[in-house]
1. Failed condition for residue A:33, given (1) away from ligand 1 (no atom under 12 Å from the Cβ); (2) at pLDDT below 95; (3) closer than 30 Å to residue A:165 by Cβ; (4) within 24 Å of the chain's Cα centre (by Cα), with all others met?
2. Inside the stretch A:72-89, can you point out the residues that are assigned to a loop (DSSP other than H, G, I, E, B) and out of contact with any helix residue (DSSP H, G or I) (no Cβ under 7 Å at 6 or more places or on another chain)?
3. In the stretch A:10-20, what count of residues is obtained for those that are over 20 Å from the mean Cα position of the chain (by Cα), within 16 Å of ligand 2 (Cβ to nearest atom) and more than 14 Å from chain B (Cβ to nearest Cβ)?
4. Looking only at the stretch B:133-155, which residues are touching a helix residue (DSSP H, G or I) at 6+ places or on another chain (Cβ under 8 Å), touching a residue at least 12 places away in the same chain (Cβ under 8 Å) and farther than 28 Å from residue B:172 by Cβ?
5. Confirm whether residue B:177 is free of Cβ contacts under 8 Å to residues at least 40 places away in the same chain, away from chain A (no Cβ under 14 Å) and within 25 Å of residue B:97 (Cβ to Cβ).
6. Taking the criterion of being in contact with a helix residue (DSSP H, G or I) (Cβ under 9 Å, 6 or more places away or on another chain), surrounded by fewer than 20 Cβ atoms within 10 Å (Cβ to Cβ), at positive phi and within 10 Å of chain A (Cβ to nearest Cβ), would at least one residue in the stretch B:180-188 satisfy it?
7. Being in contact with a helix residue (DSSP H, G or I) (Cβ under 6 Å, 6 or more places away or on another chain) and without any contact (Cβ under 8 Å) to a residue 40 or more places away in the chain, is that true of even one residue in the stretch B:119-129?
Ligand SMILES: Nc1ncnc2c1ncn2[C@@H]1O[C@H](COP(=O)(O)OP(=O)(O)O)[C@@H](O)[C@H]1O
Ligand SMILES: [Mg+2]
């Protein structure tokens with residue numbers, strides 16, 4: 001199962017450059033997720049790997065062999081498309097076996113393979129149906145089965161779950177995670193949904209505006225985002241950002257802004273002291289704020305609770321800190337009344353600081 | 001009670017004027033023709049004066065070798081014209097369905113012949129086929145090949161070529177539209193599955209275009225049975241009966257032989273033929289819809 005390396009990959013449409021030198025290496029049997037907002041170039045990257053788009057500049061290596069001049073079929077890969085891309089005039093079995101039939105494999109082998117993957121995705125009873133007679137989830141499974149039947153080393157997915165309803169998406173996501181453990185392949189998965197990225201990936205690559213912003217394990221991205229974009233993109237509900245200024249008082253370093261004044265400690269304090277600019281953006285995840293009446297005021301935010309969104313065990317409070325909006329995740333049991341002004345302790349390990357001009361993490 | 005009934009009748013009331021005009025404009029001439037076909041009818045008589053002869057005209061035609069000949073010419077003409085036009089039209093569409101510079105200009109040029117009036121097409125080709133001064137024979141002269149008697153020995157072929165020239169674009173644009181509405185991603189999936197360009201055509205493109213192609217072919221077939229002007233101008237049906245298609249024979253029977261009843265009966269034979277084709281086309285459509293509906297029902301049953 002090959003390694004894939006993208007070397008300074010550039011894509012231009014006419015004279016508009018949409019990918020600006022992507023550098024990426026995907027190890028054997030790794031589940032890599034490319035995630036980013038719509039239009040950031042994820043699909044383009046994936047389609048270049050597949051050979052469906054020309055490479056404008058740079059090179060794609062599969063096991064150190066340049067492949068950008070090869071046709072898709074010469075690249076040993078399978079792909080699942082967002083709209084499933086099933087062949088409407090073929091039944092499920094024919095869809096699954098199309099690649100094998102083109103490759104003129106023996107009939108017995110084809111039949112065995114169709115049976116095997118159909119069982120794997122739970123389609124055994126539908127082999128004679130045309131795609132038009134299947135539900136969205138079943139079509140999705142056919143697309144998956146068709147890709148599995150090819151037995152290629154590289155498996156590409158372009159937003160395969162985005163056309164499904166929320167419940168089915170959750171279910172398919174779990175099945176995908178299971179499948180990726182079972183079949184040893186190099187998988188590259190494109191999505192705009194950070195939850196899909198977090199749950200499926202061995203490694204996440206966050207893209208924005210045709211650049212890679214950061215890559216790493218889900219935990220790394222969540223805990224140590226390198227810039228404000230990644231910090232805001234990963235995690236739900238998203239990280240709160242408050243503009244502030246660094247101030248040194250009596251040997252301690254504080255970040256102060258509209259409606260808050262926070263003493264920094266530990267690692268982040270060291271970094272803040274060393275930083276040249278004083279203008280920063282404070283980032284705190286909603287889950288790093290804890291309701292505590294008796295919190296030390298220098299380690300807490302005082303917020304006006306405006307709206308409470310009940311989402312089951314957790315509630316999300318929409319609050320005001322000065323003129324900025326701040327979200328807080330609390331246990332639904334917490335007694336909060338709207339309109340109250342409450343104190344929330346800040347988890348010091350969850351404090352992020354970004355340079356306000358460059359938006360890079362301190 | 002009464003309002004309910006009025007409500008139910010309202011749509012029909014709105015449709016009535018159109019329906020009545022349709023009935024008069026469509027059914028009256030048709031009825032007139034059917035009525036006339038049972039009579040021994042001369043253009044100098046009114047239809048009432050003509051003698052009623054029952055099926056005599058039909059039986060006469062049934063046994064008339066000239067009619068057979070004409071029918072044969074029509075069938076051969078329609079068969080070759082539609083087959084060759086389909087092959088070339090679909091082939092061109094497959095070739096030109098791509099993004100290269102100047103392709104839209106090329107596509108526009110291809111559909112020009114369709115826009116020319118049939119009489120002009122006929123005159124143009126008659127000139128080009130002219131035995132001594134025509135374009136083709138002068139060209140053959142210039143490269144030292146023997147001349148061809150285009151509108152003589154090879155009249156039917158020549159007429160077929162002219163029709164192909166004029167009507168291939170029709171098939172071309174419909175096929176191109178069908179091709180461009182094919183699901184792009186299915187074709188990409190086929191490329192990844194290892195299909196060559198040729199295999200994509202055979203396994204994906206043609207099967208998916210088939211419904212459009214069948215309707216297109218039927219439309220062309222119906223049209224080919226009725227073609228008149230181009231052949232009239234080019235050969236007037238000759239030499240002999242070699243290019244006398246049915247439409248031409250009907251017109252001659254009415255004007256030259258002054259046999260309106262026979263002409264009407266002949267028209268009815270043609271009408272029956274076309275009706276069978278049209279019914280075939282509708283049956284095909286209906287069959288497809290029924291199949292789609294059955295499949296949908298299957299899906300709903302499960303969910
Ligand atoms: N065929 C094309 N021609 C011009 N621009 C394109 C084309 N395809 C994509 N783009 C542009 O490239 C950028 C990246 O697109 P894409 O890779 O599809 O984004 P996404 O991350 O949503 O998958 C977008 O800004 C899009 O407008
Ligand atoms: Mg995309």
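The values are calculated or read from the model by the stated rules, or taken from the named source; none is laboratory data. Here the structure is a predicted model, which means the values were calculated and not measured. Methodologically, a virtual Cβ is constructed for each residue, glycine included, from the backbone with ideal geometry; neighbour enumeration extends over all protein chains shown.
1. With (1) away from ligand 1 (no atom under 12 Å from the Cβ); (2) at pLDDT below 95; (3) closer than 30 Å to residue A:165 by Cβ; (4) within 24 Å of the chain's Cα centre (by Cα) applied to residue A:33, the lone miss is (2).
2. Within the stretch A:72-89, A:76, A:82 qualify.
3. Number of matching residues: 1.
4. Selection gives B:147 alone.
5. yes
6. no
7. Checked against the condition, which is being in contact with a helix residue (DSSP H, G or I) (Cβ under 6 Å, 6 or more places away or on another chain) and without any contact (Cβ under 8 Å) to a residue 40 or more places away in the chain, the stretch B:119-129 yields at least one hit.
For every residue, the table says whether it meets (1) without any contact (Cβ under 8 Å) to a residue 40 or more places away in the chain; (2) at the interface with another protein chain (Cβ under 7 Å from one of its Cβ atoms); (3) under 30 Å from residue A:44 (Cβ atoms).
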{"residue": "A:83", "(1), (2), (3)": "no, yes, yes"}
{"residue": "A:87", "(1), (2), (3)": "no, yes, yes"}
{"residue": "A:94", "(1), (2), (3)": "yes, no, no"}
{"residue": "A:103", "(1), (2), (3)": "yes, yes, yes"}
{"residue": "A:107", "(1), (2), (3)": "yes, no, no"}
{"residue": "A:112", "(1), (2), (3)": "yes, no, no"}
{"residue": "A:124", "(1), (2), (3)": "yes, no, no"}
{"residue": "A:136", "(1), (2), (3)": "yes, no, yes"}
